[in-house]
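The values are calculated or read from the model by the stated rules, or taken from the named source; none is laboratory data. As the structure is a computational prediction, the values presented were derived from the model and not from experiment. Glycine gets a Cβ as well: all are built from the backbone with ideal geometry, and neighbour counts include every protein chain shown.
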Amino acid sequence: MAATAMMRNPGEGFRVRRSPSTIVSAMKKPRVSSIKVGGVEVEVLRKDIKNLNLSVRPPDGDVRVSAPRYMDADAVRLALVSRFAWIHKKQRLFKEVNRQPEREMASGESHYFRGTRYRLEVIERNGPARLCVMGKTLRMEVRPGVDREGRRRTLNDWHRQHVKDEIPELVKKWEPIMGVSVAEWGVKRMKTRWGSCNTQARRIWLNSELAKKPPRCLEYVLVHEMAHLLERNHTDRFRSLMHRFLPSWRSCQAELDSAPLPHENW
């Protein structure tokens, strides 16, 4: 259980308890701006943090910096210049990663599930749509006349349900290990994130695309988001927590960063 914060009321001789959620809500919201350094557009978020955090985000290699509120623009620019080689390397990686070709959702195509590639077999029959794995085949049964988008929705729904089925046991496993409690969780398709965490509501969202990845990747993303319940930002403390709870987290992160990106018209 989190320690209760205490503050003295100057007008009276006793202390008033404030819940951690009240303190969090009282914190200032990040201030967002943008700067251009060496031809690179950078989104800058000013936060109540101690260290500058730099990230290059998939799928397009957008650059984001989370900087302490006290750090001036010149210091931010200097930090970016010192990391130019790393920034360009990450951006090249995203450009070089071959996107998965647009799927026609027809028999013979390759589709991934739990990190394994399967050959799709589409069978038209009357009855509710369903999917199942049979050996190295991913069998999809749909009603006659269902078009490509209908088949795609069927596959996406199947992926989302798979991730939903996996989460309860994973949450049950990691809550006592990490000493946190997840109030809510959900699964949806996300464009640039594998997961997200609302620390105030203790609500976690996971990307349904994780159904395509090896199970260890789903577990890594969940642990990553649960770690934000202990440390909101990607600080040294956050990385230390990840090393403690999931020593292999770096390899899972690299696997997701280098994975082919789905061809979608978002």
Of the residues in region 159-217, those that are more than 16 Å from His228 (Cβ to Cβ) and of a type in the set (S, T, N, Q) come to Gln161, Thr192, Ser208
For region 113-151, enumerate the residues that are under 30 Å from Val223 (Cβ atoms) and not hydrophobic (A, V, I, L, M, F, W, C).
-> Arg114, Gly115, Thr116, Arg117, Tyr118
Test: residue in region 168-175 that is buried (at least 16 other Cβ atoms within 10 Å of the Cβ) and without any contact (Cβ under 8 Å) to a residue 60 or more places away in the chain | yes
Give the number of residues within region 33-64 that are charged (D, E, K, R), surrounded by fewer than 16 Cβ atoms within 10 Å (Cβ to Cβ) and in a strand (DSSP E or B).
-> 5
Lone qualifier among Val133, Val142, Val221 - being under 20 Å from His111 (Cβ atoms) and touching a helix residue (DSSP H, G or I) at 6+ places or on another chain (Cβ under 8 Å) = Val142
Give the residues of region 206-248 that are of a type in the set (Gly, Ala, Ser), surrounded by fewer than 22 Cβ atoms within 10 Å (Cβ to Cβ) and closer than 20 Å to Lys164 by Cα, sorted by residue number.
-> Ser208
Output yes when any residue across region 122-138 is among the acidic types (Asp, Glu) and either under 29 Å from the mean Cα position of the chain (by Cα) or surrounded by 12 or more Cβ atoms within 10 Å (Cβ to Cβ) (or both), and no when none is.
-> no
Exclusive hit being at pLDDT 95 or above, on the phi < 0 side of the Ramachandran plot and surrounded by fewer than 19 Cβ atoms within 10 Å (Cβ to Cβ), set Arg203, Arg189 = Arg203
